[in-house]
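Below: the structure, in structure tokens.
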Amino acid sequence: MTSTQQADAGRTSELPKWARGNSHRGGPGFGELIEQVRSVMDASRFIAPGDDVARELTADLSRIVERMQAIAVPVDDAAADSREDLPARGNPSLPPFEIIDLGSEGVVAEIVFRAFHLGRLSAHGGNISLLFDELAGYATMHRVTSGFARTAFLKVDYRSLTPIDRPLRARVWVEEIDGRKLHVLGTLHDGDRLCADMTALFIQVPDA
Ligand SMILES: CCCCCCCCCCCCCC(=O)SCCNC(=O)CCNC(=O)[C@H](O)C(C)(C)COP(=O)(O)OP(=O)(O)OC[C@H]1O[C@@H](n2cnc3c(N)ncnc32)[C@H](O)[C@@H]1OP(=O)(O)O
């Protein structure tokens, strides 16, 4: 079952159109393209080029940016953030998680933080909170009766350093529902070691 079908199974109304995943938009090569975008971001963390090389690289990248801008589409038609067959739905601004399980019990995902996500000797805390926010979106999407849920607040406790370049396991679930309010909890583990946990409040809103 795809994540869209899994989410639909727990709702009394259809998923909003923008949240319906697909595995074709952007074509079969889109995943490789986004992987290269991520690699550019990773590589940019570990260079100290001289001025000439910096200008050459800027010119190379500018040509690529121009080619992409020339084929821009409205955001709801874009491949990024819609491809449920790709890590983080093909959205390069998100840490590249893969959904392992999704249902009324919540969502389990595997995540490998990379060089781009590095803070000081460990993953940057903001990237960990971004991961939790996104996964809470999956967990709440499954539990709201209609529309979707927006983050009212999200609190992360950083319990131990979160490594990059190795698979970690995140779990996020709706602990309690009180009218439009969804109380959400989450954990991030490196093996048996707790790296971070999360408490959030999401509020069900109608789809715009
Ligand atoms: C699964 C398939 C695929 C899915 C993929 C898609 C994944 C997508 C993932 C994307 C995921 C990313 C998600 C994102 O990043 S969403 C982006 C980040 N969030 C926002 O921008 C939200 C901005 N804020 C708002 O829009 C409104 O303030 C909201 C909607 C949150 C509430 O305004 P609204 O006017 O609607 O409600 P209300 O004010 O009548 O309040 C209602 C109740 O809530 C209580 N309350 C409110 N705020 C707080 C607070 N801070 N602490 C404690 N309590 C709070 C309030 O007291 C009241 O309680 P009660 O008096 O009823 O008891």
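Computed from the coordinates by the stated procedures, all read-outs in this text should not be read as laboratory data. Only a predicted model underlies this, so the values are computations on that prediction, with no experimental measurement involved. When we count neighbours, we look across all protein chains shown, and the Cβ atoms used for this are built from the backbone with ideal geometry, even at glycine.
For every residue, the table says whether it meets (1) surrounded by fewer than 15 Cβ atoms within 10 Å (Cβ to Cβ); (2) within 23 Å of LYS17 (Cα to Cα); (3) more than 10 Å from the ligand (Cβ to nearest atom).
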position	(1), (2), (3)
ASN127	no, no, yes
ALA136	no, yes, no
SER146	yes, yes, yes
ALA149	no, yes, no
ARG159	yes, no, yes
PRO167	yes, no, yes
ARG171	no, no, yes
LEU185	no, no, yes
ASP207	yes, yes, yes
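Restricted to region 67-108, and to residues that are under 19 Å from LEU130 (Cβ atoms), among the charged types (D, E, K, R) and free of Cβ contacts under 8 Å to residues at least 40 places away in the same chain, which residue is nearest to the ligand (Cβ to nearest atom)?
ASP81
Kindly establish whether VAL112 is within 17 Å of ARG89 (Cβ to Cβ) and either within 16 Å of the ligand (Cβ to nearest atom) or not polar (S, T, N, Q) (or both). Talk me through it step by step, then tell me what you get.
On the way: within 17 Å of ARG89 (Cβ to Cβ): yes; either within 16 Å of the ligand (Cβ to nearest atom) or not polar (S, T, N, Q) (or both): yes.
Yes, satisfied.
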